[in-house]
2 protein chains.
Amino acid sequence: MTYETASIRIKKRNFPAQLQNMKIKLCLLFWGSFSLACSAQNDFSKLAKSYAHQSFEEFYELLSLANDAHFPEDIEKNVQWCEKAFAKRGFRTKRLSTQTVPLLLAEKKTSKPAKKTVLVYLQLDGQPVDSSRWFQESPWKPALKKQVKGKGWVEIPWKNLEGEFDPDWRIFARSTSDSKGAVMAFLKATDALKELKAEPNFNLKVIMDFEEELGSPHLPQAVKDYKEDLAADMLVIFDGPRHQSNQPTLTFGARGIATVTLTVFGPRFPQHSGHYGNYCPNPALRLSQLLASMKDGQGRVAIPGFYEGIVLDEETKEILAQVPDDEEAIKNKLGIAKSDAVAENLQEALQYPSLNIRGMRSGWVGEEVRTIIPATATAEIDVRLVLESDPQRLLSLIRQHVEKQGYLVLDRPPTSEERLSHDKICQFESEISYRAFRTEFDSEVGKWLIRAMRKAFSKEPVKKRTSGGSIPISPFVTTLNIPALTVPTVNPDNNQHSPNENIRLGNFVEAIQTILAILMEPL
Amino acid sequence: MTYETASIRIKKRNFPAQLQNMKIKLCLLFWGSFSLACSAQNDFSKLAKSYAHQSFEEFYELLSLANDAHFPEDIEKNVQWCEKAFAKRGFRTKRLSTQTVPLLLAEKKTSKPAKKTVLVYLQLDGQPVDSSRWFQESPWKPALKKQVKGKGWVEIPWKNLEGEFDPDWRIFARSTSDSKGAVMAFLKATDALKELKAEPNFNLKVIMDFEEELGSPHLPQAVKDYKEDLAADMLVIFDGPRHQSNQPTLTFGARGIATVTLTVFGPRFPQHSGHYGNYCPNPALRLSQLLASMKDGQGRVAIPGFYEGIVLDEETKEILAQVPDDEEAIKNKLGIAKSDAVAENLQEALQYPSLNIRGMRSGWVGEEVRTIIPATATAEIDVRLVLESDPQRLLSLIRQHVEKQGYLVLDRPPTSEERLSHDKICQFESEISYRAFRTEFDSEVGKWLIRAMRKAFSKEPVKKRTSGGSIPISPFVTTLNIPALTVPTVNPDNNQHSPNENIRLGNFVEAIQTILAILMEPL
């Protein structure tokens, strides 16, 4: 399939903006009817293609700005770019200062009688890059590519975007998908609205985060400091990839995340394993035994009470079953024969808190190996949180479990005296990073977005009850006391966080289509 | 205590070499008598002090040669230095070529009627250095230091060695203790012999290893290739530190070492722990469970048959009990409350094979931590071997144990098909590095060296049945079919393998004393 851009241009000549606007408005009148909805979808689709086409120069400019938040001087350029881009579109912008780089708030009141204010969350910074692993000049020099059988992704001239383009072509650059693509799509959707002389029937606030990839360390305080500025009725997050099937998706919640670092102590210093092997206790063994005691052979947490409070009733299971996961394909992709036995399928598994060893280290392996009894062994654990589990309770359960294994549990390394008086010593450090959130399907924001998505695509969106990953949204949900919903738009195979991140042009077009439908959907 | 070097000089003037020689010979005649043995010890001690004094210039020169075996051009300078030093002392030298740097053989036949040939093993290369962690100009620029209360080790001018010196002063440089100190002591002992016009009643062969710190990878083949050249009746190794008490020590054996690398496989690539936590099996957990299953809570190997064949009868236990270990001091030094329960004490623990996790890694920890389900988890294991355990049998037991835990055990990473058809997959790689050896206390070489040590120090040496560590001696023992014994001479607190390696001058003097007594002891 190739987008017939040329023909769209002809159409645009034939139907000036006002007319198109009227046509849309007419459609809106009849959106109750399925057949007309199809035609509306068709219009959204055509409009989106046209506006995608207009966006590539500006998108190139935005993607050319380095945006690793470890470098605040680079981030400043992104902030300035956003200030201009939003001001140009009639938004009033305000920097919300933090200890480091600011957040940016852009606000636009509707001229319609508005009862509601929608807060939109966008993210501008990107993961650090390892340029040597990118197959292009620079991660911050966008490259247009098409897939060629036997050759993989082959760069083609950027000016190809001036004419027809294939929805399967992709733009490769850092943050194309995570999440400058969504930012650009949002801006182009507002351009479309303007040309259509349409307006949302709600006020818009857009909060832009420039430290998301660092874990938004200053966001919770900023939300408190600027509570009045951010006040809204609901939060919509344009971030993340769609469901694996790449169908239009709504995500109603996300797991939170807490982390634990466990360090088990052996001898004061690494010891020669010959001189003391069989005599001096080995911390790697002890850590292994400690970790092994936390889960059973099927990957289920064996700490009593860990899953307490989570009940998946038949209705919930049915809702979860509607997500079109292909479990065989997932296992194939992961390269595993069998999944953990926590739940019956992936969507159900995501409704439970997890206990994952994300890193483990003692001594050295491979070429650096040394024949020692290591002095310490460390495990990094992440606990994905769900709404039903109080994170502090889960962390306490883990800590108590370690104590029950006979450990003196400290929040610092042991003193010499403690070493000589306690056989088993463990340092336990924990942190709650993000809390979980979840919005009901039949909430106001839920129903509104489902309506908009149906109109945009003439079909039911994939509705995910909870995404497995964690996003820094809980400060909004808890401090502002508003429900939140995520509208992911980009292709799932976008290499997010990795070299050769990309956005599929078809997804970029549909991102504009999605956001336009949402902004036009009455609330 | 200060060595009265000046007075020794006066004595030397008063008693020319021949006279001293006669005096020694006279003493030797009466060595059966304890009181005369004391006087002999006194003479050995004085002679050793005098020859230590003469050695410092040459020792400085030897220590100034960089000797990290990763740099063969540096090693060549050490080989040449040894060639000259041994030739000067009447040894015939021969390079035994290997794939990399050669071994050096130095040979000297006695003019006495000799029935036996003694092969001496010396080691010249040193561990890699991290100069930034040495408290002196360079690890290869020897520094003389004395300990000053509240200041630690303070450098004093090298020329202080021209006059009196304190036995507690130390020379700091790479390989002072491990093992150029022993090389220098051997050379000075032969100088003393020459001046005394004394001679061993056995032929001497000295084999010099320049790759010991790399694990002597070419030694086994070289011993086979040069079997005739190396032919001898017994092997004496001058290497390693004395017993912790720093008393004269003989070590009758050493544990061998085999290694195992275990890699457990999770997803094909690291996965986002949010997206797949609770679903995708975690290899760090599985490795932990696997390692935990290998030992009990007291550090004893739980694999049936692992300790088979080891019986410590009462006689052996008594012999082991004679080693003057201060277990409380050892635990204090290690910073542990309790030792593993494999045996009742350290010496007994060293009579058993060990299974030690020397390194363990999965994902990342600390600042590099990433919130993933790692793709693999690796454990590096070392198995210290004893004479009673066939290494191949021990390795098979471990491998079978892994299989019994439900693993597909491979000697390579799994294929895609294996991944999808087997839930638990482990790569198992093993290697037997050195075999164990042990010589009986009442063997010919044992009795001979015990006699010599008694005469040198007028007391019984500490007799260690087995050292815990491993040395590349088994090729000699097995290929040449001769017994071996280690004579360690340096201070146990010498920072061997670490920055600020040093030799205590008192130990250096006693090393000369030890070797001189051995060379003079009839066999």
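The values are calculated or read from the model by the stated rules, or taken from the named source; none is laboratory data. None of these values were measured; they are calculated from a predicted model. We place every Cβ from the backbone using ideal geometry, glycine too, and count neighbours over all the protein chains shown. Just so you know, the surface numbers come from the protein's heavy atoms only, side chains and all, with ligands and any DNA or RNA stripped out. Shrake-Rupley method; radii C 1.70, N 1.55, O 1.52, S 1.80 Å.
If you roll a 1.4 Å probe over the heavy atoms of the protein chains, what accessible area per residue do you get for the range B:447-500, in Å²?
Numbers: 1660 Å² over 54 residues.
Here the per-residue accessible area is 31 Å².
Ignoring ligands and nucleic acids, what accessible area does residue B:477 show with a 1.4 Å probe (Å², nearest 10)?
Probe radius 1.4 Å; accessible area of residue B:477 about 40 Å².
How shielded is A:414-421 by partner chains, expressed as the average number of their Cβ atoms within 10 Å of its Cβ atoms?
Numbers: counts 1, 1, 2, 0, 2, 6, 8, 1.
If you average over the peptide's residues, the count of other-chain Cβ atoms is 3.
Helix B:5-14 against the longest principal axis of chain B: what's the angle in degrees, Cα atoms only, rounded to the nearest 10?
Approximately 40 degrees, to the nearest ten.
Would you mind working out the accessible area per residue for the range B:212-344, using a 1.4 Å probe, and quoting it in Å²?
Working: 4920 Å² over 133 residues.
For the range B:212-344, the per-residue accessible area is 37 Å².
Got a sec? Which residues of the range A:349-365 lose 50 Å² or more of accessible surface with every protein chain in place, vs. that chain alone, 1.4 Å probe?
Residues passing the criterion (a loss of at least 50 Å², heavy atoms only) are A:356, A:357, A:358, A:360, A:361, A:365.
Compare A:175, A:97 by solvent-accessible area with a 1.4 Å probe and give them largest first, with all protein chains kept in place. Mind showing how you got there, number by number?
Details: A:175 0, A:97 75 Å².
Output order, biggest surface exposure first: A:97, A:175.
Roughly to the nearest percent, how much of the accessible area of the protein assembly as shown is carbon and sulfur, given a 1.4 Å probe? Display every interim value, and only then the final one.
Working: 20990 of 42250 Å².
The nonpolar share, carbon plus sulfur, comes to 50 percent.
Taking the Cα centre of the range B:84-243 as origin, sum charge times position over the Cβ atoms of Lys and Arg (+1) and Asp and Glu (-1), and report the length of that vector in debye to the nearest 20. It would help to have the intermediate numbers written out before the result.
Working: 28 positive and 22 negative charges, 107 e Å.
For the range B:84-243, the charge dipole is close to 520 debye.
For chain A, find the longest principal axis of its Cα atoms and tell me its angle to the long axis of helix A:505-520, 0 to 90°, nearest 10.
For helix A:505-520, the angle is close to 70 degrees.
Classify the range B:356-444 as rounded, prolate or oblate from the Cα gyration tensor: take a ≥ b ≥ c as the square roots of its eigenvalues, call it rounded if a/c is under 1.5, otherwise prolate when a/b beats b/c and oblate if not.
Numbers: a/c = 3.84, a/b = 1.79, b/c = 2.14.
It is oblate, given that a/c is not under 1.5 and a/b is not larger than b/c.
Average partner chain C-beta neighbours within 10 Å, per residue of A:325-334?
Working: counts 0, 0, 1, 1, 0, 4, 5, 4, 4, 13.
The per-residue average across the peptide is 3.
If the label for residue B:133 sits 7 angstrom from Cα along the Cα-to-Cβ line, what are its distances to the same label in every other copy, in nm to one decimal, shortest first?
2.8
So which of A:141/A:180; B:188/B:464; B:331/B:447; A:49/A:197; B:49/B:108 end up more than 22 Å apart by C-alpha? Provide the component values of the computation, followed by the final result.
Details: A:141/A:180 14 Å; B:188/B:464 26 Å; B:331/B:447 33 Å; A:49/A:197 18 Å; B:49/B:108 25 Å.
Those over the limit are B:188/B:464; B:331/B:447; B:49/B:108.
Roughly how many debye, to the nearest 20, is the charge dipole of the range B:386-523 about its Cα centre, given +1 on each Lys and Arg Cβ, -1 on each Asp and Glu Cβ, and no other charges? Present the calculation step by step, with values, prior to reporting the outcome.
On the way: 17 positive and 17 negative charges, 108 e Å.
It comes to approximately 520 debye.
With +1 on each Lys and Arg Cβ and -1 on each Asp and Glu Cβ, how big is the dipole of the protein assembly as shown about its Cα centre, in debye rounded to the nearest 20? Write out the running numbers ahead of the final one.
Details: 134 positive and 132 negative charges, 267 e Å.
It works out to roughly 1280 debye.
Sequence-distant or interchain residues sharing an amide H contact under 5 Å with residue B:434, placed H: which?
B:257
Applying the Karplus parametrisation 6.51 cos²θ - 1.76 cosθ + 1.60 with θ = phi - 60° to the phi angles of the range B:50-65, what ³J(HN,Hα) value in whole Hz is obtained for each residue in order, glycine and proline being reported as x?
4, 6, 4, 4, 6, 8, 4, 5, 5, 5, 4, 4, 5, 5, 6, 8
Could you sort the residues of the range A:376-401 by number and keep only those whose accessible area is reduced by 20 Å² or more in the all-protein-chain setting relative to the chain alone, 1.4 Å probe?
A:380, A:384
What is the antiparallel percent of DSSP beta bridges lying wholly in the protein assembly as shown, to the nearest 5?
Numbers: 107 of 153 bridges.
So the antiparallel bridges amount to about 70 percent of the total.
For every other residue with a beta carbon closer than 13 angstrom to the beta carbon of residue A:332, add +1 if it is Lys or Arg and -1 if Asp or Glu, then tell me the sum.
Working: positive: A:331, A:333, A:338, B:268, B:419; negative: A:325, A:326, A:327, A:328, B:417.
The answer is 0.
Which value results for Rg/Rh of the range B:108-254 when Rg is the Cα radius of gyration and Rh the Kirkwood radius based on the inverse mean 1/r?
Details: Rg = 18.5 Å, Rh = 18.2 Å.
Here the Rg-to-Rh quotient is 1.02.
What 222 nm value per residue comes from the helices of the protein assembly as shown, counting each DSSP H run with n ≥ 4 as -39,500 (n - 2.57) and dividing by all residues, nearest 500 deg cm²/dmol?
Rounded to the nearest 500, the figure is -10500 deg cm²/dmol.
Could you run the Karplus curve 6.51 cos²θ - 1.76 cosθ + 1.60 with θ = phi - 60° over the range B:355-369 and give me ³J(HN,Hα) per residue in whole Hz, x for Gly and Pro?
9, 10, 7, 8, x, 8, 8, 8, x, 10, 10, x, 5, 8, 4
Need one number: buried accessible surface between chains A and B, 1.4 Å probe, both sides summed, DNA, RNA and ligands left out, in Å² to 100. Don't skip to the answer; put the middle values down first.
Values: alone 24390 and 24370 Å², together 42250 Å².
Accessible area lost upon association: around 6500 Å².
List the GluC sites (Glu not before Pro) within the range A:407-452 that fall in a DSSP loop (any state other than H, G, I, E or B) and whose Cβ has at most 16 other Cβ atoms within 10 Å. Numbers along the way, then the final one.
On the way: sites: A:417, A:418, A:429, A:431, A:440, A:444; in loops: A:440.
Those that pass, being in a loop and sparsely packed, are A:440.
Of all the C-alpha pairs in the protein assembly as shown, what % are more than 40 Å from each other? Walk me through the numbers on the way to the answer.
On the way: 303253 of 546535 pairs.
The calculated P(r) of the protein assembly as shown puts 55 percent of pairs beyond 40 Å.
Sorted from shortest, what are the nm distances separating the label point of residue B:57 from equivalent points in the other copies, each placed 7 Å from Cα along Cα to C-beta?
8.5
Accessible area per residue, 1.4 Å probe, Å², for the range B:38-108: what's the number? Before the final figure, lay out the partial values.
Working: 3070 Å² over 71 residues.
Here the per-residue accessible area is 43 Å².
With θ taken as phi - 60° and the coefficients 6.51, -1.76 and 1.60, list the Karplus ³J(HN,Hα) couplings across the range B:465-482 in order, rounded to whole Hz; mark glycine and proline as x.
Those phi angles translate into 5, 8, 7, x, x, 10, 10, x, 9, 4, x, 5, 4, 7, 6, 8, 6, 10 Hz.
Placing a label point 7 Å from Cα toward Cβ, how far apart in nm is residue A:326 from its equivalents in the other copies, listed shortest first to one decimal?
Output for residue A:326: 7.2 nm, nearest copy listed first.
Once you have a ≥ b ≥ c as the square roots of the Cα gyration tensor eigenvalues for chain B, tell me rounded if a/c is under 1.5, and otherwise prolate or oblate according to whether a/b is larger than b/c.
Working: a/c = 2.03, a/b = 1.82, b/c = 1.11.
Taking the square roots of the gyration eigenvalues as a ≥ b ≥ c, chain B is prolate.
Relative to the longest principal axis of chain B, what angle (0 to 90°, nearest 10) does the C-alpha long axis of helix B:391-404 take?
20
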